[in-house]
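Shown next, in C-alpha cells, is the structure this report addresses.
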Amino acid sequence: MASPYNQELKPAEPTPAHPAQSGVFVEEVDDCESEDESDDSIRQSNPDLESGGTTVANTPYAAGSHASSSTGLSDSKKHNEKSAVRVRQLVPDIDPLVYHGLDASPLPPKKGNRLYRYLRWNFGSVYRRIFCLAFLGNAAAVLWFIIRSGIENRPILNYQQAATAVTANLLMALVVRNEHVVNAMFWVFGTWAKVLPLWARTLSAKIYSYGGLHSGGAVAATFWYVIYLVLLTIDFRSHQEGPLDAIRGYIYLFSYSIIAMLVVMLIFAHPRVRVLMHNSFENTHRFMGWTVIGLFWAQIMLETADSSNRSSPHHSFGHFLVRNAAWWMLLFTTLLIAYPWSRMRLRNVEAEVLSPHCVKLNFEYRDVYFGQAVRLTDAPLKETHAFGVIPHPLAPTAAELADEKSAIDGQPLQRLSHGGDKGFSVIVSHAGDWTRKIIDRPPKQIYTRGTPQFGVMRCAGLFSPVIVIGTGSGIAPCLSLFTQRPDHPVRIIWSTPNPLQTFGRSLLDLIYKTDPAAVVIDTRKTGRPDLVKVAYRMWEQSRNGIFPEELVRPETRKPCEAVVIISNQKVTEKVVYGLESRGVPAYGALFDS
C-alpha cells in the first residue's frame, strides 16, 4: 500500500489567508482544525513585530542570514549572508518564525474537504482501524454461527463456546498490554524496521496504536458476554427440572453482576469520559477489573460443578475443568494481571531540584533504552504515573571537559548530572496534586511497577533526520534520544514557559548541542506559538534544501522525514492532525490509558 507521505514536497504557493480566529488551540477536537493565523497571540504580545512573513530589520537573522540552501545559492548571496551581524540568544524573546527565518505566511490548505479529513485522520485513524479489525473479526464469527445454524436448522453455538470467546478476547486485551509484548513489538516495528524504505517506516511507526487491539478485544468480550448470558438462560430454562438449585442460582447472580460491571467499565473507558474523570476511570478499570476476574473464576467453577453433577455417565469435576478452554485462558489472563504487580519494588531515588516547579529523580537500579517510560507511585493501589526515562549520559572525555563550549554564547558547557553512571532519571514538573507533592517533598524512596516500556518516542529513531517537538516537561522523554543517540540527526522545537529558570542551563545546553539551530520558545515572552506552522515550515525548508548555517554535520543537512511530538492531548492531536492533513508524517501519543 502506497504511503501518503512518500512524496517530494514542492515549494508552497501563496494561499489566501483564512479569517483570523482567536486563541491558539482548537475547540473542536473531533476535526482538530488548526487556525492558519494562530500566531496572532505571539504578535499581540509583541506589537513591534511585523506580520506577513517579512523579517524585521533589527532581528538576529535579518537580511536572510539564518537559512542557507545546500544548492542554488550564488556566491554573492552567500557572502552577504556571512557578512550579516548575528546575535544569538539562549532563549529568544521574539516571534520564533522571525527569529529562525521561517516563512510566516499562511500554511497551505489541508487535503480534501472536512468530511474526507475526518474520515481519513480522525474516525479512520490507525488506532480505530485496529479496533475495528478486532471487533469486526468477532462480529464475523457470530455471523458465521448464525448462518450455519440457519443452514443446519439446529443450534451451533452453546454458552460454553460463548464463554470461551469471552475469555479469548479478554486474554488478547491483556496480552497486548503486557510490557514485554509491547517492547517486543517496538523492537520489531520501531527499531529493526529502520532498514526499510521511508514509506514502510511511516507505516511501521504507527505501532504505538496497538491499543486498538486492547479496546477492540475488551468491547468484543462484552458483546460476547451478552450472547453468553442469552444462551445460558435459554439452556438453563430448557433443561430445568423443578426449582432452581443453588449452583445455578449463584451462576445467574455472578453472571449478571459481571455484565453490569463490564458495561460500567466500558462507559468510563470512553475517550471523553476518560478525560473528564480520569481518576474514576483508573479506579473502575483496576478494581472492577479485578472483581470481574474473581467472579469469572467463581462462575467457571460453578459451571464445571453443574456439568459434572448432570453428566451421564458421571465424570469428575477435574475431568471437566481441564477440558474447559475458558479455564485455561482465564488462568493466563490472571497471571498477566498479577505479573506487573509481582515486579513492584521500592527503589532508592536521588532527588535533584531544578526549580520550584521541577525536580529530577535519579535512579541507579538498571539501565534503560531511549523511548521508554517507567511507572512510579508512592501509593501503589491508589495511583500510578508513567514518566519518560532519560538514560544517564555517557561520561565526557577529558578533552571534551576542557574544550566544549555552549553553541549559543560560548560559555562552558553544562551537562546533565550522573554522566557515565548506571541508571536513568525522570523529570517531574508541576501538573497536579501528586506532582506538586513530589516537587515540594522529594522522596528518598519510591515504588516502580513492572519494567520500563517503549512508547511513541521510540519511533523517532526510525527517521533521519527527524523533527522532535516537546512542550513543557514533554521535552523529558525526548532527552532520552538526545543522550543515548547523540549522533542521531534531529531538529528540535521546544515550547515552554521560562525554560532556563524552570529546567536549568544544563538541559538547554544539551538541546543546543544536539541541534545547534533548535527552536526554543519561551511562551512567557512570545505567547503560545502555532506549533503546526513552526513544524511545517521547518520541514518544508529541509525538503527544499534550505538549512540553518549552524547545522554543519552532513547528516543533519538532509530533508526531514517525520515529526514526533510529546505534549498534552489537545496540542498533540492538533499538531499531528495539522501536519498529517498537509502530507507530513507525524506521530504523537494517543492517551488511550
(message) Can you pull out every residue in the stretch 350-381 that is buried (at least 21 other Cβ atoms within 10 Å of the Cβ) and either touching an Asp or Glu at 6+ places or on another chain (Cβ under 9 Å) or not aliphatic (A, V, I, L, M) (or both)?
(response) Cys358, Val359, Lys360, Leu361, Phe363, Phe370, Gly371, Gln372
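Restricting attention to the stretch 551-587, and to residues there that are in contact with a Phe, Trp or Tyr (Cβ under 9 Å, 6 or more places away or on another chain) and farther than 26 Å from Tyr127 by Cβ, which single residue is modelled with the lowest pLDDT?
Thr556
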(request) With the checklist (1) surrounded by fewer than 18 Cβ atoms within 10 Å (Cβ to Cβ); (2) of a type in the set (Phe, Trp, Tyr); (3) modelled with pLDDT under 95 in hand, flag the one item Tyr447 doesn't pass. (result) (3)
(message) of a type in the set (Gly, Ala, Ser) and surrounded by fewer than 19 Cβ atoms within 10 Å (Cβ to Cβ): which single residue out of Ala269, Ala221 fits that description?
(response) Ala269
(request) Kindly establish whether Gly419 is touching a Pro at 6+ places or on another chain (Cβ under 6 Å), farther than 27 Å from Ala586 by Cα, modelled with pLDDT under 95 and assigned to a loop (DSSP other than H, G, I, E, B). (result) yes
(request) Go through Val195, Val226, Val219, Val230 for me and flag whichever is more than 23 Å from Tyr127 (Cα to Cα) and within 28 Å of the chain's Cα centre (by Cα). (result) Val195
(message) So for the stretch 186-193 (the condition being at pLDDT 95 or above, within 27 Å of Phe332 (Cα to Cα) and in contact with a Phe, Trp or Tyr (Cβ under 6 Å, 6 or more places away or on another chain)), does at least one residue qualify?
(response) yes
(request) Look through the stretch 396-408, keep the residues that are at pLDDT 70 or above and outside any strand (DSSP E or B), and return whichever of them is surrounded by the fewest Cβ atoms within 10 Å (Cβ to Cβ). (result) Pro396
(message) So, restricting to helices (runs of 4 or more DSSP H) that lie completely within the stretch 141-219, which ones have at least 1 residues that are among the acidic types (Asp, Glu) and at negative phi?
(response) 179-190
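With respect to Thr483, is the statement that it is in contact with a helix residue (DSSP H, G or I) (Cβ under 6 Å, 6 or more places away or on another chain), of a type in the set (Ser, Thr, Tyr) and in contact (Cβ under 8 Å) with a residue 40 or more places away in the chain true?
On the way: in contact with a helix residue (DSSP H, G or I) (Cβ under 6 Å, 6 or more places away or on another chain): no; of a type in the set (Ser, Thr, Tyr): yes; in contact (Cβ under 8 Å) with a residue 40 or more places away in the chain: yes.
Judged against the criteria, Thr483 is not a match.
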(request) For Thr448, work out the one condition from (1) in contact (Cβ under 8 Å) with a residue 40 or more places away in the chain; (2) assigned to a loop (DSSP other than H, G, I, E, B) it doesn't fulfil. (result) (2)
(request) State yes or no: is Ile408 assigned by TED's automatic domain parsing to the domain that holds Pro489, of a type in the set (A, V, I, L, M) and touching a Phe, Trp or Tyr at 6+ places or on another chain (Cβ under 7 Å)? (result) yes
(request) Hey, can you tell me all the residues within the stretch 348-395 that are touching a Leu at 6+ places or on another chain (Cβ under 6 Å), part of a loop (DSSP other than H, G, I, E, B) and closer than 23 Å to Val181 by Cβ? (result) Phe370
(request) Could you check Trp290 against (1) within 32 Å of the chain's Cα centre (by Cα); (2) surrounded by fewer than 17 Cβ atoms within 10 Å (Cβ to Cβ); (3) of a type in the set (A, V, I, L, M, F, W, C); (4) closer than 18 Å to Gln161 by Cα and say which number it fails? (result) (4)
(request) Specify the residue that is surrounded by the fewest Cβ atoms within 10 Å (Cβ to Cβ); the eligible residues are those in the stretch 477-509 that are closer than 15 Å to Gly419 by Cα and hydroxyl-bearing (Ser, Thr, Tyr). (result) Ser506
(request) Report yes if Arg449 is of a type in the set (Lys, Arg), on the phi < 0 side of the Ramachandran plot and touching a Pro at 6+ places or on another chain (Cβ under 7 Å), otherwise no. (result) yes
(request) Pairs only if they're at least six apart or on different chains, beta carbon under 9 angstrom, first in the stretch 337-356 and more than 11 Å from Tyr447 (Cβ to Cβ), second acidic (Asp, Glu) and surrounded by 15 or more Cβ atoms within 10 Å (Cβ to Cβ); list them, first residue then second. (result) Tyr339/Glu179; Pro340/Glu179; Asn348/Glu364; Glu350/Glu364
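Where residues in the stretch 461-475 are of a type in the set (A, V, I, L, M) and touching a Lys or Arg at 6+ places or on another chain (Cβ under 9 Å), which of them is nearest to Phe591 (Cα to Cα)? Break it down stepwise before answering.
Of all residues in the stretch 461-475, those of a type in the set (A, V, I, L, M) come to 462, 466-469, 475.
Of the ones still in play, those that are also touching a Lys or Arg at 6+ places or on another chain (Cβ under 9 Å) are 462, 466-468.
Working: Leu462: 22, Val466: 22, Ile467: 21, Val468: 18 Å.
The selected residue is Val468.
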(request) Could you tell me whether the stretch 95-105 includes any residue that is among the hydroxyl-bearing types (Ser, Thr, Tyr) and crowded, with 20+ Cβ neighbours inside 10 Å? (result) yes
(request) Among the candidates Ser311, Ser316, single out the residue that is of a type in the set (Gly, Ala, Ser) and surrounded by 12 or more Cβ atoms within 10 Å (Cβ to Cβ). (result) Ser311
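The values are calculated or read from the model by the stated rules, or taken from the named source; none is laboratory data. None of these values were measured; they are calculated from a predicted model. When we count neighbours, we look across all protein chains shown, and the Cβ atoms used for this are built from the backbone with ideal geometry, even at glycine.
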